[in-house]
């Protein structure tokens, strides 16, 4: 798993930094959406805290997550 930043150019997301492998499945979180959604202050604080954790590298790798899920599976 990697975190990347991109910009929409010609209707496509252009990712900065390390190129993604062709066929990669990605999730896009847009900071500027045409249809905004509302979060409570608590939800927004939780989301921002989680994003900061990821930026600091504080997350579980996909392999470790799958391993832990198998234990309880």
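What follows is calculated from the coordinates using simple rules that are stated; it is not laboratory data. The structure displayed is predicted, hence computed values, not measured ones. Counting neighbours? That spans all protein chains shown, and the Cβs are built from the backbone with ideal geometry, glycine included.
Using a Gaussian network model of the chain with C-alpha springs under 10 Å, which one of 30, 40, 61 is most mobile by mean-square fluctuation?
Of 30, 40, 61, the most mobile in the Gaussian network model is 40.
Stretch residue 5-residue 31 to full length: gain in nm at 0.36 nm per residue minus the Cα-Cα span? Don't jump to the answer; show the numbers that get you there.
Numbers: separation 26, 0.36 × 26 = 9.36 nm, distance 1.12 nm.
Result for the pair: 8.2 nm of gain on full extension.
Given that just one value was derived from the coordinates, which of (i) 24.3, 78; (ii) 11.3, 33; (iii) 15.5, 45 is Rg and Dmax of the Cα atoms in Å?
(iii)
Restricting to DSSP H runs of at least four residues, report the calculated mean residue ellipticity at 222 nm for the chain, -39500 (n - 2.57) per run over all residues, nearest 500 deg cm²/dmol.
Details: 2 runs with 26 residues, N = 73.
Rounded to the nearest 500, the figure is -11500 deg cm²/dmol.
Treat the count of other C-beta atoms within 10 Å as a stand-in for reagent exposure and order 51, 41 from fewest to most.
Values: 51 12, 41 7.
Starting with the residue having the fewest Cβ neighbours, the order is 41, 51.
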